[in-house]
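Beneath this line is the structure, given in structure tokens, with notes to follow.
The values are calculated or read from the model by the stated rules, or taken from the named source; none is laboratory data. Remember, predicted model here, so these are calculated numbers, not experimental data. Every residue, glycine as well, gets a Cβ built from its backbone with ideal geometry; the counts of neighbours run over all protein chains shown. We work out accessible area using only protein heavy atoms, side chains counted, and drop any ligands, DNA or RNA first. Shrake-Rupley method; radii C 1.70, N 1.55, O 1.52, S 1.80 Å.
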Amino acid sequence: SDLGGLGNHENIEAVLDTFTVSNPTNYQTYPFENFNVIFKSALIVPQKSDLYVSPSGSNSNSGLSFSQPLKTINHALFMSGADSLHPITINVAPGTFSKTKTNEEFPLFVPSYVCIVGDDMKNTILDGGGERSIIRQIFSQNITIKNLTIQNGFTREGGGIYCIKGWFNIFENLLIQNN
């Protein structure tokens with residue numbers, strides 16, 4: 001997240017010139033309900049449509065088709081404007097997504113109503129390089145993670161996938177190894 005607070009802090013007001021997205025969610029400010037973010041402009045307008053990611057993509061692409069894919073899943077998650085009326089799927093092309101190969105930032109904090117779908121668990125790999133956890137799901141609902149290999153994550157509490165209080169989440173056709 002861009003802004004995070006711990007403890008019982010409430011009503012944290014952040015006055016900024018520019019913020020990452022035009023409609024902040026729990027993904028950018030955590031916990032969301034504790035923040036009042038005031039800003040003039042945003043770098044990213046959240047998308048309410050499916051997104052596409054490929055190791056050969058670019059985060060300056062639109063991400064709205066396989067011919068204009070984003071490079072990182074983390075950037076696609078930042079662009080996601082998913083909500084209960086507009087769930088989205090992040091379609092992940094074959095390849096290895098890691099800090100060294102694609103500049104992927106882990107962990108991936110998956111917000112509610114997002115589905116991350118790899119091409120096939122044998123050839124779509126999320127590799128943490130032994131440094132951080134891969135996927136963190138915290139208070140998210142209606143997420144799906146499928147058709148991926150999740151490997152080489154590292155943390156005391158779930159190197160591959162770490163879940164706290166999720167509702168109606170699906171983890172399907174995953175190979176979770178060496179975490």
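All C-alpha pair distances within region 120-166, sorted into 10 Å bins from zero, spread as 28, 49, 23 percent across the bins.
Find the eigenvalues of the gyration tensor of the Cα atoms of region 42-95, then list the square roots of 5 times those eigenvalues as equivalent ellipsoid semi-axes, largest first, in whole angstrom. Let's see the in-between values first.
Working: eigenvalues 62, 30, 14 Å².
Semi-axes, largest first: 18, 12, 8 Å.
Do you know the relative contact order of the chain, to the nearest whole percent, from alpha carbon pairs under 8 angstrom that are 6+ apart?
Values: 482 pairs, mean separation 25.6, N = 179.
Averaging sequence separation for qualifying contacts and normalising by length gives 14 percent for the chain.
Taking label positions 7 Å along the Cα-Cβ direction at both Glu131 and Ile38, the computed distance is 3.8 nm, reported to one decimal. Computed over protein heavy atoms with a 1.4 angstrom probe, the accessible surface ordering of Phe39, Phe171, Phe154, largest first, is Phe154, Phe171, Phe39. Using a 1.4 angstrom probe and counting only protein chains, how large is the accessible area of Met121 in Å², to 10? Approximately 50 Å² for this residue. Among Leu64, Leu51, Leu85, the largest mean-square fluctuation in a Gaussian network model of the chain (Cα springs under 10 Å) belongs to Leu85. Nearest 0.05, what FRET efficiency do Ser62 and Val15 give at R0 = 22 Å with Cβ-Cβ as r? E between Ser62 and Val15, to the nearest 0.05, is 0.10. Computed on protein heavy atoms with a 1.4 Å probe, the accessible areas place Arg136, Arg156 in the order Arg156, Arg136, largest first. Couplings for region 56-67, taken from phi via the Karplus curve 6.51 cos²θ - 1.76 cosθ + 1.60 with θ = phi - 60°, read 8, x, 9, 6, 8, 6, 6, x, 8, 7, 5, 7 Hz in order; Gly and Pro are left as x.
Loop-located trypsin sites (Lys or Arg not before Pro) in region 39-81 (DSSP state other than H, G, I, E, B) with a sparse environment of at most 14 neighbouring Cβ atoms within 10 Å: Lys48.
At 37 °C and 0.692 mPa s, grab the translational diffusion coefficient of region 98-152 from Stokes-Einstein with a Kirkwood Rh over Cα pairs, rounded to a whole number in µm² per second.
So the translational diffusion coefficient is about 281 µm²/s.
Each Lys and Arg contributes +1 and each Asp and Glu -1, all at the Cβ; summed about the Cα centre of the chain, the dipole is approximately 300 debye. Counting only Cα atoms, the size of region 45-169 along its three principal axes is 36, 32, 24 Å, in decreasing order. Projecting the Cα atoms of Phe139, Asn179, Val37 onto the dipole axis of the chain, where Lys and Arg carry +1 and Asp and Glu carry -1 at the beta carbon, places Asn179 farthest toward the positive end.
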